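Here's the structure we're looking at; comments come further down.
The values are calculated or read from the model by the stated rules, or taken from the named source; none is laboratory data. This is a predicted model, so every value here is computed, not measured. Glycine also receives a Cβ, built like all others from the backbone with ideal geometry; neighbour counts cover every protein chain displayed.
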2 protein chains.
Amino acid sequence: MTKVTAQMSVSLDGCYTGPRDPQHPHDMSGWMQGPEAPGFFRVTRWAVDAMAWRERQGFAGGARSADSEIVAETFAAAGAYVMGRRMFDAGEVPWGDEPPFRAPVFVVTHRARAVLERRGGTSFTFVTEGLERAVELARAAAGGKDVAVAGGGELLQQVLAAGLLDQLELHIAPVLLGDGQRLFGPGLGLGADDGVELVPARVVDTPGVTHIRYTVSGRSKLVLDDRGASGDLVGRP
Amino acid sequence: MTKVTAQMSVSLDGCYTGPRDPQHPHDMSGWMQGPEAPGFFRVTRWAVDAMAWRERQGFAGGARSADSEIVAETFAAAGAYVMGRRMFDAGEVPWGDEPPFRAPVFVVTHRARAVLERRGGTSFTFVTEGLERAVELARAAAGGKDVAVAGGGELLQQVLAAGLLDQLELHIAPVLLGDGQRLFGPGLGLGADDGVELVPARVVDTPGVTHIRYTVSGRSKLVLDDRGASGDLVGRP
């Protein structure tokens, strides 16, 4: 059955890039020179060395590693993608004629645009009717495989906040960035008594990164317990 | 050799409690009724069920689990503690006559106070000469065992920012809080080109939590790589 999945590389303090440039928050043209890039390159470094990532980007070499297997498995499971507009803008030029997705991609945007067909099976369809509609279209296009949230982080958080995400895999890079764009925050719309509960489904630890896959249970109330004191007290006066 | 270690339970989005009460940020007396408590109780729930935690608190029961072994190992490794003033204030009453530390605790504070001797080997020494001095005193008192940062989160971040931390273990609870006090943030004092690098040393995954232990390598510059493009291009025009 088609699941909606997402995966993202993050720092140990939960950032998926460095901080956004306050002067040019929406300008992707100078992105490589801006403050987001160093953190992004650090948290995704584990993938760049992986053969399966390199193959999709059209690069030779790379390691046949557990990391590479996870990249390969992630690509193989996705029958269609949903993507944020900002990520599309950042990727359109560097992905070139043969983007790495090899599947239909549905871009959530306010700006209507004709479908772009690319080589290797990738197409970009621009969806102006909102996130839920994009997921619906991706589900229909996925051919029984999963719908994957391609990114970016803002879209991932929106998908989760909307209750649409079934599975989340984080690749936790062993670095603290201190400041940066955090994958999860107030945009989840949770009060102090609310949480989104998950269940760990698989942990793979490699020298450069810890991959944790979760099944998303959903939003639920947090409860105050009594710190276990309702059990028998031992040795207390 | 004595290491300086720290461990903390955090949500998957890096919070160790819910958000601080903006009306009473320094008042610990109403803490249990405030917005910090629900998140704190959720992220530490794994420990409350563990026999080794319960035994230290004077409670019967609990599970003999991998989680419990980690609690026991953590307590056993510590020969002395450093602690923040706010955590001490929150714990002084509930810990009672026989606090769970069973070792000398050095509280970093601006407020001088006589040493408190408690039963079971715990003492609280109030250090007004700063964090480094507290670590130095704890090192001398640790008897060759480790100096553990007892918390809270602010002190842990200060110890790390000061370059004093050798080992960090995070217990990552499978929950997103969205908002709350984050263990690491701008207080690390890192620019967009800087990171604190760590090396994963051990991962233990249990049904309720993922324990990741890191060796702290230290602060270093982040680099922009070329995304692997210096390798041979395959199949690109």
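Tabulated values for the structure
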{"item": "Filtered residues of the range A:1-44 (kept if within 7 Å of another protein chain (Cβ to nearest Cβ) and among the basic types (Lys, Arg))", "result": "A:42"}
{"item": "Breaking point among (1) within 12 Å of chain B (Cβ to nearest Cβ); (2) surrounded by fewer than 17 Cβ atoms within 10 Å (Cβ to Cβ); (3) modelled with pLDDT under 95, for residue A:50", "result": "(2)"}
{"item": "Residue in the range A:175-197 that is in contact with a Pro (Cβ under 6 Å, 6 or more places away or on another chain), of a type outside the set (D, E, K, R) and closer than 23 Å to residue A:77 by Cβ present", "result": "no"}
{"item": "Residue A:191 surrounded by fewer than 23 Cβ atoms within 10 Å (Cβ to Cβ) and either at pLDDT below 95 or more than 30 Å from residue A:91 (Cα to Cα) (or both)", "result": "yes"}
{"item": "Odd one out for residue B:101 among (1) out of contact with any strand residue (DSSP E or B) (no Cβ under 6 Å at 6 or more places or on another chain); (2) part of a loop (DSSP other than H, G, I, E, B); (3) touching a residue at least 24 places away in the same chain (Cβ under 8 Å)", "result": "(1)"}
{"item": "Breaking point among (1) under 16 Å from the mean Cα position of the chain (by Cα); (2) closer than 22 Å to residue A:210 by Cβ, for residue B:199", "result": "(1)"}
{"item": "Members of the range B:68-91 found to be within 28 Å of residue A:220 (Cα to Cα) and in contact with a Pro (Cβ under 9 Å, 6 or more places away or on another chain), listed by number", "result": "none"}
{"item": "Residue list for the range A:62-97, filter: in a helix (DSSP H, G or I), touching a strand residue (DSSP E or B) at 6+ places or on another chain (Cβ under 7 Å) and either at pLDDT below 95 or more than 18 Å from residue A:24 (Cβ to Cβ) (or both)", "result": "A:66, A:67, A:68, A:70, A:71, A:74, A:77, A:87"}
{"item": "Check on residue B:236, at the interface with chain A (Cβ under 8 Å from one of its Cβ atoms) and either modelled with pLDDT of 95 or more or on the phi < 0 side of the Ramachandran plot (or both)", "result": "yes"}
{"item": "Residues being surrounded by fewer than 22 Cβ atoms within 10 Å (Cβ to Cβ) and at the interface with another protein chain (Cβ under 7 Å from one of its Cβ atoms) - total across the range B:194-206", "result": "5"}
{"item": "Sole exception among (1) under 18 Å from residue A:4 (Cβ atoms); (2) in contact (Cβ under 8 Å) with a residue 24 or more places away in the chain for residue A:206, by number", "result": "(1)"}
